[in-house]
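Participant: So that we are looking at the same thing, I have put the structure below in structure tokens.
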Amino acid sequence: MEGPSAAGVEKKTVEEARALLHSDECGVYLLPFVRSTWARKGHPPVLREQCGYEHMSVIAAISSSGNLVYDLREGTYDGDGVGCFLKTLTYHYRKQRMVMVWDGAAIHRCRQVKEFLASSAGKIHLEYFPAYSPEFNATELLWGWLKGRLANRIFTTLSELRAGIVEELESAKNNRSLIRSFFRKPELCFFL
């Protein structure tokens, strides 16, 4: 990890009784995710789609206890969007302080995030995964699961895509054992 060691994160989490969260963003496009499927021999399945680069962006934080907090919007996240998500996260964890670990993207170090952290009185302590190491982030497994659930489905508008994403993420949110399973990946034991 950049800065403090993983042992330092664990110490801060345990000694201060903070919730440990992994967080990340993901883009979901109107272009369908095509996966293998079954069809009658000689009748290959056909997906008719409107190819476009319009997309929804999702940001989420998950905990090893099975909690999921997410937000989504059209287009990409900017500093204000990430700041709003941090406010939402603070509301959901209003009775507990947090250690949130995410990647070192520029958006995570922007002015709005710094201002929010300064005003939050130590409610959220941020740490960063090493550069180019998505395999350490349990949230990447959530994105893989989400895109698998959206595979072979056609969304012609962003509102349809939003509804599909919300449906699947609410399903995951209500299945705490699924969220906990993302933390069982061997590489993650270093960051728990």
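Participant: Where the convex hull is taken over the Cα atoms of the stretch 118-168, what is its projected area averaged over directions, in nm²? Before the final figure, lay out the partial values.
Facilitator: Working: hull surface 24.3 nm².
Mean orientational projected area (the stretch 118-168, Cα hull): 6.1 nm².
Participant: Let me ask another. Reported to two decimal places, what Rg/Rh ratio describes the stretch 6-191 when computed on Cα atoms with Rh from the Kirkwood expression?
Facilitator: Values: Rg = 17.9 Å, Rh = 17.7 Å.
Computed over Cα atoms, the ratio is 1.01.
Participant: A further question follows. Estimate the FRET efficiency between Lys185 and Thr157 by the formula 1/(1 + (r/R0)^6), using the beta-carbon distance for r and 35 Å for R0, to the nearest 0.05. Don't skip to the answer; put the middle values down first.
Facilitator: Values: r = 35 Å, r/R0 = 0.99.
That pair, Lys185 with Thr157, gives E of 0.50.
Participant: Hey, what did the stretch 6-191 get for relative contact order, percent, Cα under 8 Å, at least 6 apart?
Facilitator: Dividing the mean separation by the residue count of the stretch 6-191 yields 30 percent.
Participant: Based only on other Cβ atoms within 10 Å, what is the fewest-to-most ordering of Tyr29, Tyr91?
Facilitator: With the sparsest Cβ surroundings first, the list reads Tyr91, Tyr29.
Participant: Additional query: Please work out the C-alpha center-to-center distance from the stretch 100-144 to the stretch 150-192 and express it in whole Å.
Facilitator: Their Cα centres are 19 Å away from one another.
Participant: Now for a separate question. In nanometres, what is the gap between the two model label sites at Ala106 and Ser65, each 7 Å from Cα along Cα-to-Cβ?
Facilitator: Label at Ala106, label at Ser65, 3.6 nm between them.
Participant: Give the Debye-formula value of log10 I(q)/I(0) at each listed q (0.13, 0.15, 0.21 Å⁻¹), with one equal scatterer per alpha carbon of the stretch 57-115, two decimals each.
Facilitator: Values, matching the q order: -0.33, -0.44, -0.88.
Participant: Where does the charge balance sit around Leu68 when Lys and Arg score +1, Asp and Glu -1, over other residues with C-beta under 15 Å from its C-beta? If you can, show how the numbers build up before the last one.
Facilitator: Details: positive: Arg149, Lys173, Arg176, Arg180; negative: Asp24, Glu25, Asp71, Glu140, Glu167, Glu168, Glu170.
Spelling it out: positives minus negatives among the neighbours equals -3.
Laboratory data are not the source of any read-out in this text; all were calculated from the coordinates shown. Model, not experiment: these values are computed from the prediction. Glycine gets a Cβ as well: all are built from the backbone with ideal geometry, and neighbour counts include every protein chain shown.
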